[in-house]
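What follows is a single structure, written as structure tokens, with notes after it.
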Amino acid sequence: MSAATLAARLIDAGRESAVAVRPARPDEPWPEETVDGDTASVIADVVVAGSAAVVLFGDDARLRPILSCRALVAHARAETLVPEFGDALDRFDGSGRMISICGPSRTADIEKKLVIGVHGPREITVVLHGDIPP
Amino acid sequence: MTRIAAPTTNTRKAADVTLGKREQVASTLPWEALRDRATAARRDTTENLDELVAMFTRAATAAGHKVVRAADNAAACREVMAHLSSVPQVVIKSKSMVTEEIGLRHHMEALGFTVYETDLGEWIVQVRGELPSHVTAPAIHLSAAQIAETLSGVLGKSLSSDPIALTGVATDFLRQPLRASTLGISGANFLIAETGEVVVIENEGNAYFCTSAATHVVVTGIDKVIRSRSDLPALLRVLTVSATGQPQTVYTHVIGRATPGGPARTIVLVDNGRTELAKSAYAEASRCIRCGACMVVCPVFRQTTGHAYKTVYPGPIGILVAPYLEPEATPKDAPFFSTLCGACSDICPVRIPISALIAKRREQLWREGGTPVMVRQGVSLWKRAQAGGVLGVLLRPFLRALLRYPRLARLGQLTRREGRR
């Protein structure tokens, strides 16, 4: 599947999962991973286009501060995108944890009413870098 | 005055929301093919349970986790406590039916531990002192007004019954323990035998904190084991779609090899009747992935709520697994909490013939002489009427009347309720 096809699927899925997808601004460099106050800016290990899930690998020293943030901005390149969850799992080397984050944390435990924003990040953005025509 | 809705109405309303979403999402997927794949994976589990549990145990041990097996409730609680400091501390817990089954929270509380259920629905039933009424939607029997009343009492302030506001209150209440506690307990949705990986899914983010605490204990059933990673995508798909109508949960955690400085992890594999179930005449029930779809679709569950079953595992599948996992709690006449309409079998994502197995339990109960008196007498009356003769001729008009005026059957219901309380 071409990067363009994957990007188009990602944007569609993002709409379903409440994940914002945007191209990197021309002056926006490939970032260092930072957790700054309420926002975690991370390098996505994989992004699942079919569900707009941001997938991170690693140990909890990396993941805990990220999961504690209000907003998650995940940076991705063409090679970060895969079609389905199974493809992401294939890339996990088994060390530490793989976490797939598909949209803002949510619950519907009270009368099945959807409430966005519980313990995990409540805003998710995927930033596409490089030659991915979104 | 706040109107407090009846639990059955709450359950039916919530069940309809889930069924509607499930239907809609399933229609966008190759649903029958996914069910076939998931069923094959779970059949493998049931048929090769010992082999896969041994394989998982080896792989997870090699991955740096401590793996212990517990034969029953008491052993499971003992194993959990053996891996904790004996000094009572604050424990954060994510949702797990197995910990309900073994009574872990009460066991720990009796030893002086403070245990926070951190899943919203589970926390609500914890503060109400109730069992979850559904395996994935614990507070499905409650209205927002009832929840507001409960939480207002607990927190000592008057809360509105707006679900957003109530969720906010719970989130604030649980934030500090979730981030600060060094002891987390979770269940598992699947255990991958080939890799020793533990899979946990959730929507709120609470399970992340529970599974990444400095000490993490996984308490789960041996039947959660699956052979390989390749089984996982189809299983996760049918599980989330069936449970909540979501194509996937917000979070999927695949916990792999231990890392330096990472959580010290113990995995307690609970048998508690599961080996016996997998070898029994009801072995197919051991395929269950605890989605709860058979519950929300069941006319009896919808009308009576999960609490009517008196067991941790309610609903149609509960009728089949509870006699093995919680024999003491299971009412003798449980196989009669069913209309045998077959809706459960139709909806089950791993194609367990639930309705047929419930009928089989009824037959077994009959053979063992355990059938409730009213049912036995009813059946024998019918048999006599069929047999003809003077008695048959006299009986037939009476039995016809019974069919025409279903209210007469309430007599039976009254007797049963008295017998069970």
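Here, each number is a calculation from the coordinates, and none is a lab measurement. Bear in mind the structure is a predicted one, so any value in this text is a computation, not a measurement. Cβ placement follows ideal geometry from the backbone for every residue including glycine, while neighbour counts extend to all protein chains displayed.
On each of the three principal axes of the Cα atoms of the range B:202-290, give max minus min coordinate, whole Å, ordered largest first.
46, 30, 23
Place +1 on the Cβ of every Lys and Arg and -1 on the Cβ of every Asp and Glu in the range A:42-134, take the dipole about the Cα centre, and give the residue among A:Ser68, A:Val42, A:Gly86 whose Cα lies farthest towards its positive end.
Towards the positive end, the residue furthest out is A:Ser68.
Show me, for the range B:280-289, the HN-Hα J-couplings you get by feeding each phi into the Karplus relation (A = 6.51, B = -1.76, C = 1.60, θ = phi - 60°), rounded to Hz, glycine and proline as x.
Result, ordered by residue: 8, 5, 10, 3, 4, 5, 6, 6, 3, 9 Hz.
Given points 7 Å out from each Cα along the Cα-Cβ axis, report the A:Ala8 to A:Ser95 separation in nanometres with one decimal.
In this crude spin-label approximation the distance works out to 3.8 nm.
Lys and Arg at +1, Asp and Glu at -1: add these up for the other residues within a Cβ distance under 14 Å of B:Thr182 and post the number.
Value of the local net charge: +3.
Report relative contact order for chain B in percent, whole number only (criteria: Cα-Cα under 8 Å, sequence separation at least 6).
Result for chain B is 21 percent.
Under 21 Å Cα to Cα from B:Lys332, which lysines show up? Leave out anything in the same chain fewer than 8 places away.
B:Lys310, B:Lys360
What lysines sit close enough to B:Lys21 to cross-link, taking a C-alpha to C-alpha distance under 23 Å and skipping anything fewer than 8 places away on the same chain?
Within the straight-line limit of under 23 Å, B:Lys21 reaches these lysines: A:Lys112, A:Lys113, B:Lys13, B:Lys95.
Using the Karplus curve 6.51 cos²θ - 1.76 cosθ + 1.60 with θ = phi - 60°, work out ³J(HN,Hα) for each residue of the range B:19-34 in order, rounded to whole Hz, and write x for Gly and Pro.
Per-residue couplings from phi come out as 5, x, 5, 4, 4, 5, 5, 4, 5, 8, 10, x, 4, 5, 5, 5 Hz.
Using C-alpha positions alone, give me the convex hull volume of the range B:211-348 per residue in cubic angstrom.
Taking only Cα atoms, the range B:211-348 has a hull volume of 140 Å³ per residue.
Identify the GluC sites (Glu not before Pro) of the range A:1-100 meeting these criteria: DSSP loop state and at most 16 other C-beta atoms within 10 Å of the C-beta.
Sites meeting the loop and neighbour criteria: A:Glu32, A:Glu33, A:Glu84.
Please name whichever of A:Thr125, A:Val21, B:Ile319 sits farthest to the positive end of the charge dipole of the protein assembly as shown, dipole taken about the Cα centre and charges placed at Cβ: Lys and Arg +1, Asp and Glu -1.
B:Ile319
Taking Cα pairs under 8 Å and at least six residues apart, what relative contact order does the range B:31-275 come out at, in percent?
Here the relative contact order equals 31 percent.
Of B:Ala285, B:Leu403, B:Val90, which is farthest along the charge dipole of chain B in the positive direction, counting Lys and Arg as +1 and Asp and Glu as -1 at C-beta?
B:Leu403
Taking the convex hull of the Cα atoms, report for chain B its projected area averaged over all directions, in nm².
So the mean shadow area of the Cα hull is 22.7 nm².
Using the Cα centre of the range B:11-114 as the reference point, and only Cβ charges (+1 on K/R, -1 on D/E), how large is the resulting charge dipole? Debye, rounded to the nearest 20.
Dipole magnitude for the range B:11-114 comes out near 360 debye.
Looking at chain A only, what percent of DSSP beta bridges run antiparallel? Nearest 5 please.
Approximately 40 percent, going by the DSSP bridge assignments.
Under a Cβ-only charge scheme (Lys and Arg +1, Asp and Glu -1), can you give me the dipole magnitude of chain B about the Cα centre, in debye to the nearest 20?
With Lys and Arg at +1 and Asp and Glu at -1, about 1520 debye.
Treat the count of other C-beta atoms within 10 Å as a stand-in for reagent exposure and order B:Tyr405, B:Tyr116 from fewest to most.
Ascending number of Cβ neighbours within 10 Å: B:Tyr405, B:Tyr116.
Pick out which of B:Arg376, B:Arg265, B:Arg274 has the largest mean-square fluctuation in a Gaussian network model of chain B, springs linking Cα atoms closer than 10 Å.
Among B:Arg376, B:Arg265, B:Arg274, the largest GNM mean-square fluctuation belongs to B:Arg376.
Enumerate the whole-percent occupancy of each 20 Å bin, from 0 to the last occupied one, for all C-alpha pair distances of the protein assembly as shown.
Answer for the protein assembly as shown: a P(r) of 21, 53, 21, 4, 0 percent.
Once the principal axes of the Cα atoms of the range A:1-73 are found, what is the range along each, listed largest first in whole angstroms?
Rounded to whole Å, the extents work out to 34, 27, 20 Å.
Run the dipole for the range B:31-275 about the Cα centre, Lys and Arg Cβ at +1, Asp and Glu Cβ at -1, nothing else charged, and hand back the magnitude in debye, nearest 20.
In total the dipole reaches around 520 debye.
Could you state the number of Å between the C-alpha centres of the range B:61-135 and the range B:181-227?
Between the Cα centres of the range B:181-227 and the range B:61-135 lies a distance of 12 Å.
Kirkwood Rh over Cα pairs of chain A into Stokes-Einstein at 10 °C, 1.306 mPa s: D in µm²/s?
The estimated diffusion coefficient comes to 106 µm²/s.
How big is the antiparallel share of DSSP beta bridges in chain B, given as a percent to the nearest 5?
25 percent
What percent does the relative contact order of the range B:283-368 come to when contacts are Cα pairs within less than 8 Å and at least six residues apart?
Computed over the range B:283-368, the figure is 31 percent.
Please label the shape of the range B:1-143 as rounded, prolate or oblate, based on the square roots a ≥ b ≥ c of the eigenvalues of the alpha-carbon gyration tensor (a/c under 1.5 means rounded; beyond that, a/b larger than b/c means prolate, else oblate).
Oblate is the answer for the range B:1-143, as a/c is 1.5 or above yet b/c matches or exceeds a/b.
How large is the convex hull of the Cα atoms of the range B:31-275 per residue, expressed in Å³ as a whole number?
Normalising the Cα hull of the range B:31-275 by residue number yields 123 Å³.
Per the helix-only calculation at 222 nm, which mean residue ellipticity applies to chain B, given -39500 (n - 2.57) for every DSSP H run of n ≥ 4 and division by its residues, nearest 500 deg cm²/dmol?
-16000 deg cm²/dmol
For a footprinting-style exposure proxy, rank B:Leu402, B:Leu239, B:Leu391 by other Cβ within 10 Å, fewest first.
B:Leu391, B:Leu402, B:Leu239
With both bridge residues required to lie in the range B:31-275, what share of the DSSP beta bridges run antiparallel, to the nearest 5%?
Looking only at bridges with both residues in the range B:31-275, the antiparallel portion is about 25 percent.
Please report, in Å, the Rg and the Dmax of the range B:283-368, where both are computed over Cα atoms only.
Rg and Dmax of the range B:283-368, Cα atoms, are 11.4, 32 Å.
Connecting C-alpha atoms closer than 10 Å in a GNM of chain B, tell me which of B:Pro316, B:Pro353, B:Pro372 has the biggest fluctuation.
B:Pro372
Ranking B:Glu47, B:Glu149, B:Glu328 by Cβ neighbours within 10 Å, fewest first, what do you get?
With the fewest neighbours first, B:Glu47, B:Glu149, B:Glu328 line up as B:Glu328, B:Glu47, B:Glu149.
Going by a ≥ b ≥ c, the root eigenvalues of the Cα gyration tensor, does the range B:4-61 fall in the rounded group (a/c under 1.5), the prolate group (a/b larger than b/c) or the oblate group?
The shape class here is oblate.
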